[in-house]
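Q: Below is a structure I'd like to ask you about.
Just so it is clear, none of the values below were taken in a lab; they were calculated from the coordinates. The structure displayed is predicted, hence computed values, not measured ones. Using ideal geometry, Cβ is built from the backbone for each residue, glycine included, and neighbour counts are taken over all protein chains shown.
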Amino acid sequence: MSIIEVSNLKKSYEKLDVLKGITFNVNKNDVVAVVGPSGSGKSTMLRSLVHLEEISGGSIRVSGEDLVKDGVYSKPQEIKRITSKMGMVFQHFNLFPHLTVKENLELAPRMARKEENSVIQRRSTELLEKIGLTDKATAYPANLSGGQKQRVAIARALMMGPEILLFDEPTSALDPELTGEVLQVMKKLAEDQMTMIVVTHEMGFAKEVANRAIFMDNGEIIETGHPDELFTNPKFERTRSFLIRSL
Ligand code: ADP
Ligand code: MG
């Protein structure tokens with residue numbers, strides 16, 4: 001079953017064509033690694049999925065519902081409901097600095113006013129345990145390491161029970177010794193069958209955890225395939241030269 005169906009997605013800023021008609025699907029339980037040079041449109045693609053960017057043309061469907069069809073967006077209320085099926089984790093964590101870890105986790109579900117506070121609190125407690133930060137519940141982001149901040153950001157994204165998680169270079173802002181703890185949490189999510197799209201430079205992680213890789217360059221998807229195949233035996237010269245540069 002497809003959770004995400006993107007077809008002919010285009011995004012331009014004035015004269016700059018950032019996404020030139022990209023098409024791909026993500027199935028339930030897929031872990032899709034997206035790789036490509038800086039400026040190739042990876043972040044714009046992820047941001048378009050959660051409507052942080054308005055696309056210029058094409059279609060995005062999320063578990064069978066149109067977010068945007070042939071460039072025409074659904075009604076604002078529908079957009080809100082459809083994008084809430086996705087959780088996003090950013091390179092720079094984007095935690096609320098004036099809220100504690102626990103408050104960061106509970107803010108969105110409390111604002112949604114759909115659940116009892118006790119239910120929300122139980123879930124935040126469980127998720128803090130899952131990411132190994134129970135003892136940091138009342139700490140503020142400024143007092144956490146980068147790796148801890150990113151683990152909190154992942155837990156926060158899980159609080160709304162998303163069908164899919166999107167990661168935009170989740171370890172790129174971290175010191176090398178802190179990337180492992182974040183990748184470990186992501187690996188555990190994959191083992192729990194979470195559907196994920198991960199923009200990353202971590203080829204080792206992509207090979208180990210992803211079941212599909214997408215190589216983007218200059219606003220286009222150049223090739224997709226199983227990571228073992230795409231990373232070791234790419235079909236296209238552009239993929240090959242990118243991989244050589246990234247070693
Ligand atoms: P990546 O994540 O692969 O590095 P991005 O999606 O961030 O690539 O950017 C793709 C291109 O879009 C780049 O050329 C970038 O300069 C341009 N771009 C991104 N955001 C904006 C914006 N708000 N206004 C104008 N150009 C932008
Ligand atoms: Mg980016």
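Q: If you keep only loop residues by DSSP, which chymotrypsin sites (Phe, Trp or Tyr not before Pro) in the stretch 1-92 have at most 11 other Cβ atoms within 10 Å of their Cβ?
A: The qualifying sites: there are none.
Q: So what does the Cα-only Debye profile of the chain read at q = 0.13 Å⁻¹, as log10 I(q)/I(0), no solvent term?
A: -0.82
Q: Taking the Cα centre of the stretch 13-74 as origin, sum charge times position over the Cβ atoms of Lys and Arg (+1) and Asp and Glu (-1), and report the length of that vector in debye to the nearest 20.
A: Values: 7 positive and 8 negative charges, 36 e Å.
In total the dipole reaches around 180 debye.
Q: Report the label-to-label distance for A137 and E237 in nanometres (one decimal), using points 7 Å from each Cα along the Cα→Cβ vector.
A: That separation, rounded to one decimal, is 5.9 nm.
Q: Between N27 and K188, what is the label-to-label distance in nm when each label sits 7 Å out along the Cα-to-Cβ direction?
A: 2.8
Q: Another question, if that's okay. Identify the trypsin sites (Lys or Arg not before Pro) of the stretch 12-102 meeting these criteria: DSSP loop state and at most 14 other C-beta atoms within 10 Å of the C-beta.
A: Passing sites in the stretch 12-102 are K15, K28.
Q: Specify the angular offset, from 0 to 90 degrees and rounded to the nearest 10, of the alpha carbon long axis of helix 117-130 from the longest principal axis of the alpha carbons in the chain.
A: Compared with the principal axis, the helix lies near 60 degrees.
Q: DSSP loop GluC sites (Glu not before Pro) in the stretch 1-104 with at most 16 other Cβ atoms within 10 Å of their Cβ, which ones?
A: Numbers: sites: E5, E14, E53, E54, E65, E78, E103; in loops: E14, E53, E54.
Of the GluC sites (Glu not before Pro), the ones in loops of the stretch 1-104 whose Cβ has at most 16 other Cβ atoms within 10 Å are E14, E54.
Q: Figure the gain on full extension for E65 and D175 (residue separation times 0.36 nm, minus the Cα-Cα span) and round it to one decimal in nm.
A: Residue separation times 0.36 nm, minus the Cα-Cα distance, leaves 35.7 nm.
Q: A further question follows. List every residue whose amide H lies under 5 Å from the amide H of D217, counting only residues 5 or more places away in sequence or on a different chain, with H placed 1.01 Å from N in the peptide plane.
A: Under 5 Å from the amide H of D217 lie the amide H atoms of I222, each far enough along the sequence or on another chain.
Q: What are the equivalent ellipsoid semi-axes of the stretch 96-162, built from the alpha-carbon gyration tensor (square roots of five times its eigenvalues), in whole angstrom, biggest first?
A: 19, 12, 10
Q: If I take R0 = 22 Å and measure r between the Cβ atoms of K80 and L52 in this structure, what FRET efficiency does the formula 1/(1 + (r/R0)^6) give, to the nearest 0.05?
A: In this case the efficiency is close to 0.95.
Q: Relative to the Cα centre, what is the charge dipole magnitude of the stretch 1-138, using +1 at the beta carbon of each Lys and Arg, -1 at the beta carbon of each Asp and Glu, and rounding to the nearest 20 debye?
A: Computed charge dipole of the stretch 1-138: roughly 80 debye.
Q: Okay, moving on. Let's test the formula: R0 of 51 Å, r as the Cβ-Cβ distance of M1 and H201. What FRET efficiency results, to the nearest 0.05?
A: So, using R0 = 51 Å, E works out to roughly 0.95.
Q: Further, regarding this structure: With axes computed from alpha carbons, what is the tilt in degrees of helix 146-158 against the longest principal axis of the chain, rounded to the nearest 10 within 0 to 90?
A: Between the helix axis and the principal axis of the chain, the angle is about 90 degrees.
Q: Please compute P(r) over all alpha-carbon pairs of the stretch 158-245, binned at 10 Å starting from zero, and give each bin as a whole-number percent.
A: In order of increasing distance, the bins hold 15, 46, 32, 6, 0 percent.
Q: Based on Cβ point charges of +1 for Lys and Arg and -1 for Asp and Glu, what charge dipole magnitude is obtained for the chain about its Cα centre, in debye rounded to the nearest 20? List each step's numbers first, then the result.
A: Values: 32 positive and 33 negative charges, 91 e Å.
The dipole of the chain has a size of about 440 debye.
Q: What do you get for the angle between helix 176-191 and the principal long axis of the chain? Use alpha-carbon atoms, 0 to 90 degrees, nearest ten.
A: 90
Q: Follow-up. State, to one decimal in nm², a quarter of the convex hull surface area for the C-alpha atoms of the stretch 21-97, i.e. the direction-averaged projected area.
A: Mean projected area of the Cα convex hull: 6.3 nm².
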